[in-house]
Amino acid sequence: MSTEAPWPEGFDRIVLDRVDSTNAEAARIAGELNYPTWILAREQTAARGRRGVAWANPAGNFAATLVMRPGGVPAWAALRSFLAANALFEALAMRVDRTRLSLKWPNDVLLDNGKVAGILLESAGPAGQVEWLSIGIGVNLVMAPDDVRDAAFPPVSVAEATGVEIEPEEFLVILADAYATQESILTRLGFPTIREHWLRHAARLGEVITARTGREEIVGRFETIDEHGQLVLETPDGRRAVPAADVFF
């Protein structure tokens, strides 16, 4: 197997033939790990996305979780979703024309405006602290789910959209290297540089979008994300910082 990046120093990896969910496996073994560890599954039997929604994971697609001890408060740990998004963008851009890729707040990667990858963060620890953090990543490398109907961002796959074929284990090496770079940037330069990187590839920046929370629908011009990773919209009622929502174009 040839790869275009070395395995990053300071990270471990576990490759499983079959597991219920890589995030579930991360929760089970987090206390036993000495280093940030990538868990890759060739097959998942109970994959899930945000809010517990089932995530289809056909053979050949990418399903992995990075489990780590980030330290700090939950808000600091949550910023890793932007590191993961940046790393995903750069890893995919190694094989796909980067002009076809974009980042959709808060945690999706788009290919030709269709969802090609998603990120799921989960954590555990005492109140106000993060003992461990799991960053689950799913990428449609070979096949997009065919049971998704009327999606605002219909799922697409790398192979079907571009003809490019990538093996999951090969993609893991590329992604792990890209993610390690993002962690290094965070350590040396802080979140502002991560934020700038993310904004360079943000979908519909400067355009009017809709953010739907559990309580309201907010329509406004997508101005930026702030230092906490919140979506900032300029609305008819003034500037709004949105901590969590589903975004629609």
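The values are calculated or read from the model by the stated rules, or taken from the named source; none is laboratory data. Keep in mind that this is a model prediction, so the values were computed, not measured. When we count neighbours, we look across all protein chains shown, and the Cβ atoms used for this are built from the backbone with ideal geometry, even at glycine. Quick note on the areas: whole protein, heavy atoms, side chains included, nothing else; ligands and nucleic acids left out. Shrake-Rupley method; radii C 1.70, N 1.55, O 1.52, S 1.80 Å.
One table, with the values for the structure above:
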item: Subset tally (residues that are open to solvent by 50 Å² or more (accessible area, probe 1.4 Å) and in contact (Cβ under 8 Å) with a residue 24 or more places away in the chain) for the stretch 33-45; result: 4
item: Any chance LEU66 is in a strand (DSSP E or B) and buried (at least 23 other Cβ atoms within 10 Å of the Cβ); result: yes
item: Counted residues, the stretch 42-67 - those being modelled with pLDDT under 95 and either among the aliphatic types (A, V, I, L, M) or touching a Lys or Arg at 6+ places or on another chain (Cβ under 6 Å) (or both); result: 8
item: Test: residue in the stretch 176-184 that is open to solvent by 40 Å² or more (accessible area, probe 1.4 Å), without any contact (Cβ under 8 Å) to a residue 40 or more places away in the chain and over 26 Å from ALA93 (Cβ atoms); result: no
item: Within the stretch 10-32, tally of residues that are in contact (Cβ under 8 Å) with a residue 60 or more places away in the chain and open to solvent by 20 Å² or more (accessible area, probe 1.4 Å); result: 6
item: Among residues of the stretch 105-125, those that are within 8 Å of the chain's Cα centre (by Cα) and over 20 Å from PRO243 (Cβ atoms), counted; result: 2
item: Close pairs (9 angstrom Cβ cut-off, 6 or more residues apart or separate chains): closer than 21 Å to LEU101 by Cα and open to solvent by 30 Å² or more (accessible area, probe 1.4 Å) in the stretch 112-138, assigned to a loop (DSSP other than H, G, I, E, B) and β-branched (Val, Ile, Thr) anywhere; result: ASP112/VAL156; ASN113/VAL156; LYS115/VAL148; LYS115/VAL156
item: Condition broken by VAL158, with the remaining ones in (1) out of contact with any strand residue (DSSP E or B) (no Cβ under 6 Å at 6 or more places or on another chain); (2) open to solvent by less than 10 Å² (accessible area, probe 1.4 Å); (3) within 23 Å of ALA241 (Cβ to Cβ) satisfied; result: (3)
item: Residues satisfying the stated conditions in the stretch 64-111, i.e. of a type in the set (S, T, N, Q) and free of Cβ contacts under 8 Å to residues at least 24 places away in the same chain; result: THR99
item: Residue in the stretch 206-220 that is closer than 21 Å to VAL109 by Cβ, touching a Lys or Arg at 6+ places or on another chain (Cβ under 8 Å), free of Cβ contacts under 8 Å to residues at least 24 places away in the same chain and among the aliphatic types (A, V, I, L, M) present; result: no
